[in-house]
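K.L.:
A single structure is presented below for examination.
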Amino acid sequence: MTRPHDPRTTELFQQALDQNTGDTISLEQFIAPLETRAYGFLVVLLSLPNFIPIPMGVGGVCGTSLVIIGAQMLWGMPRPWLPRFARQHGFPRTSVEHFVARMTPMFTRLERVCRPRLEQITRKPWSHFSGLMLILLGILLALPIPFTNYPFGLLILGFGVALIERDGGLLSLVWGATIASSVMVGSLSSAMVALVKHFFG
């Protein structure tokens, strides 16, 4: 159970920098201090491209990655597994420091709102359901639906922060929003199919 003195997200990021003083830092080294909270960190990373104006197709890549991470949570793996090339890929220390500096203000604001509560929801057996919801979010993100990257990106960001901060209250809200989004997308898809059949059937 999380205790009040457990490090917050920003403190964990700083620990990763302090413990690795080389010119390059691998993803494995960076997420090591996060331990079981590494799932949340990877989910946060996958949310970020959705807020950046980059070429189309990012939703498919990030969505597929989310499905893989969600499947590992659904399976019950205590920590996320990454391929060796991804774990050992080295990032320049200056780039990692820049990333932490850019992310710290956002996480500091989130930490004022998020806190460890309803922690049992962030752990097993509920983590299996979180894995299922991540798979669902990944599928929704990968669908070629215009103008959905930003709202789905917000959901994914909230999901990741809830896992890192062990905030079951926020996590339950994200679950509800994910289910509602799925119903909405399903209804919209059914309406589009019906419309096409009406005009071309």
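K.L.:
Would you mind finding the one in GLY57, GLY40, GLY76, GLY70 that is at positive phi and at pLDDT 85 or above?
P.N.:
Values: GLY57 fails: at pLDDT 85 or above; GLY40 fails: at positive phi; GLY70 fails: at positive phi.
Only one candidate passes the filter, namely GLY76.
K.L.:
Which ones in the stretch 158-176 are under 10 Å from the mean Cα position of the chain (by Cα) and either within 13 Å of ILE121 (Cα to Cα) or free of Cβ contacts under 8 Å to residues at least 40 places away in the same chain (or both)? It would help to see each step written out before you state the result.
P.N.:
We begin by selecting, within the stretch 158-176, every residue under 10 Å from the mean Cα position of the chain (by Cα); these are 158-164.
Residues satisfying the conditions are GLY158, PHE159, ALA162, LEU163, ILE164.
K.L.:
Would you confirm, using the coordinates I've provided, whether ILE52 is at pLDDT below 85 and within 21 Å of PHE107 (Cβ to Cβ)?
P.N.:
Values: at pLDDT below 85: yes; within 21 Å of PHE107 (Cβ to Cβ): yes.
So ILE52 passes the test.
K.L.:
What helices (runs of 4 or more DSSP H) lie completely within the stretch 44-157 and have 2 or more residues being within 20 Å of GLN14 (Cα to Cα), aliphatic (A, V, I, L, M) and without any contact (Cβ under 8 Å) to a residue 40 or more places away in the chain?
P.N.:
Values: elements: 58-75, 84-88, 93-113, 126-142.
Output list reads 93-113.
K.L.:
When you check SER130 against the structure, is it among the hydroxyl-bearing types (Ser, Thr, Tyr), within 16 Å of GLY153 (Cα to Cα), crowded, with 17+ Cβ neighbours inside 10 Å and under 14 Å from the mean Cα position of the chain (by Cα), yes or no?
P.N.:
no
K.L.:
Additional query: So, in the stretch 21-30, of the ones that are surrounded by 16 or more Cβ atoms within 10 Å (Cβ to Cβ) and touching a residue at least 40 places away in the same chain (Cβ under 8 Å), which residue ends up farthest from GLY131 (Cα to Cα)? Give the derivation first.
P.N.:
First, the residues of the stretch 21-30 that are surrounded by 16 or more Cβ atoms within 10 Å (Cβ to Cβ): 25-27, 29-30.
Add one more test, that the residue is touching a residue at least 40 places away in the same chain (Cβ under 8 Å), and what stays is 25-27, 30.
On the way: ILE25: 28, SER26: 25, LEU27: 22, PHE30: 23 Å.
Going through the qualifying residues, I end up with ILE25.
The values are calculated or read from the model by the stated rules, or taken from the named source; none is laboratory data. Because the structure is a prediction, the values reported are computed rather than measured. When we count neighbours, we look across all protein chains shown, and the Cβ atoms used for this are built from the backbone with ideal geometry, even at glycine.
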